[in-house]
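The values are calculated or read from the model by the stated rules, or taken from the named source; none is laboratory data. Quantities reported herein were computed from a predicted structural model and do not represent experimental measurements. Positions of Cβ are generated from backbone atoms using ideal geometry, with glycine treated the same way; all protein chains shown enter the neighbour counts. Side chains are part of the model used for accessible areas, which takes the heavy atoms of the whole protein and leaves out ligands, DNA and RNA. Shrake-Rupley method; radii C 1.70, N 1.55, O 1.52, S 1.80 Å.
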Amino acid sequence: MVESARMPAEARDPRQISSLAETHQRQFGHAPELIARSPGRVNLIGDHTDYNLGFSLPMAIEQSFHVTANRRQDRQVILHSLLDESRISFDIDSAAPLDDWGIYPQGVARAFEQRYPEAHGWEGVIVADLPVGAGLSSSAALEMAIARVFASFSDVDWKPLEMARLGWQAENHWVGLESGLLDQIASAAAASGHLLLIDFESIEVTQVPFPEGVEVLLVDSSVRRELTTTGYNDRREESFEAARALGVKSLREASLSDMDHEELNDVLARRARHVISENDRVQEVADALRRGDLTTAGGAMSASHLSLANDYEVSVPEIDLLVSLLNEADGCRGARMTGGGFGGYVVALVKPESSNETAKATLETYRERTGLNGSAFTATPQSGTSVLHL
Ligand code: GLA
């Protein structure tokens, strides 16, 4: 993906929409017909459970990708990114993979075209105020915004779960990250004011109202590692191996009492223990938030972090430090790494009246101990992918 994450205009108020439309006009010589928007996500709990057919509880955040578009008469797609002022073009039917960020739209185009052969070419401008490559699902947000444009121009109804699967195909078959469906479903199907309880076996989504009296604080460690070059795909393989050793289709079907199975070595047992206990914690947090029990929800989030750090081994020392600093803060109910791991953001549930103070104190100590400049923001649950016809 592109390295820099500039913070361009939000396409929500009319002035910003017209400025995006003008940028499109300058780049392509015509007015755009529509603007698609797709948000990033933060996962409150349930990491490395999606490809194990378990459960997660994410929400969409305000920071998003926006893509302006006008239809072309041929099968070419031309995209200009304002993130790094680069331009790519490809033919929908071309199987030669592009380099760098172009592989995401191209992967979506290929997946869409296989399902809907009537896919139209188009041209558009891409902007984002979502940090790229930071674990907030910038790739899925881009994929779903691109899919939204294809769906509009091909008169295909927007079915969020089906489109999430097309984004997932792009990621797995083109980009090379053997991810699950968490990011694409969260970006495509999120509902304002709600968390999404996702069951990855039945691919069912239940909306859980976000409770009063608490805020989601996101703290950036500023540590960045591409998941494709970390242990992500290895963890996936290990959990599949654990399922095979236990004789179950997926770890969804295993229970903690299976952990002393003689076929499981220590590593596989720890990987399995994370997935099995994390699935239970997702249910625990969803139930606790439904009844406004923030103590139970926060406790399960902190337990989830320990499980990801010790059993699944996808945390890094900087993230562990942020989690422990947050847990020491008065207003914090619970904190954990979020997403694939190996850097990125920490998510915490905090008391709204002290969230500024908690963020400031945490970042100061973090800088003193690591020399790194983190940053933080609070998030409220937003709706998923949308399109504005101009
Ligand atoms: C990344 C992947 C998701 C999911 C998370 C971990 O974000 O893209 O599919 O596996 O890691 O929960």
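Per-structure values
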| item | result |
| --- | --- |
| Residue in segment 138-152 that is within 13 Å of the ligand (Cβ to nearest atom), in contact (Cβ under 8 Å) with a residue 40 or more places away in the chain and out of contact with any helix residue (DSSP H, G or I) (no Cβ under 7 Å at 6 or more places or on another chain) present | yes |
| Residues that are touching a helix residue (DSSP H, G or I) at 6+ places or on another chain (Cβ under 7 Å) and of a type outside the set (Ser, Thr, Tyr), drawn from segment 344-387 | Val346, Ala348, Leu349, Val350, Arg369, Leu372, Asn373, Gly374, Ala376, Gly384, Val387 |
| Selection count where residues are aliphatic (A, V, I, L, M) and more than 28 Å from the chain's Cα centre (by Cα), scope segment 231-247 | 2 |
| Matching residues in segment 111-130 - criterion: being in contact with a Gly (Cβ under 8 Å, 6 or more places away or on another chain) and within 17 Å of Phe65 (Cβ to Cβ) | Leu130 |
| Among the residues listed as Ala5, Ala11, Ala96, Ala69, the single one being among the hydrophobic types (A, V, I, L, M, F, W, C) and at pLDDT 95 or above | Ala69 |
| Condition broken by His173, with the remaining ones in (1) under 16 Å from the mean Cα position of the chain (by Cα); (2) within 15 Å of the ligand (Cβ to nearest atom) satisfied | (1) |
| Residue in segment 136-156 that is open to solvent by 10 Å² or more (accessible area, probe 1.4 Å), outside any strand (DSSP E or B), of a type in the set (Val, Ile, Thr) and not assigned by TED's automatic domain parsing to the domain that holds Thr338 present | yes |
| Subset of segment 248-267 (residues that are more than 26 Å from the chain's Cα centre (by Cα), in a helix (DSSP H, G or I) and of a type outside the set (Ser, Thr, Tyr)) | Leu256, Asp258, Met259, Asp260, Asp266, Val267 |
| Which listed residue is acidic (Asp, Glu) and without any contact (Cβ under 8 Å) to a residue 24 or more places away in the chain, from Glu204, Glu178, Glu171, Glu215 | Glu204 |
| Yes/no for Leu53 being among the hydrophobic types (A, V, I, L, M, F, W, C) and away from the ligand (no atom under 16 Å from the Cβ) | no |
| Every residue from segment 171-212 that is part of a loop (DSSP other than H, G, I, E, B) and open to solvent by 50 Å² or more (accessible area, probe 1.4 Å) | Glu178, Ser192, Glu201, Ser202, Glu212 |
| Matching residues, segment 231-249, being open to solvent by less than 30 Å² (accessible area, probe 1.4 Å), modelled with pLDDT under 95 and within 11 Å of the ligand (Cβ to nearest atom) | Tyr232 |
| Residue match in segment 206-228 (condition: more than 30 Å from Arg367 (Cα to Cα) and within 14 Å of the ligand (Cβ to nearest atom)) | no |
| Residues (under 21 Å from the mean Cα position of the chain (by Cα) and not aliphatic (A, V, I, L, M)) located in segment 299-323 | Ser302, Ser304, His305, Ser307, Tyr312, Glu313, Ser315, Glu318, Asp320 |
| Segment 81-112: number of residues that are surrounded by 18 or more Cβ atoms within 10 Å (Cβ to Cβ) and not aliphatic (A, V, I, L, M) | 10 |
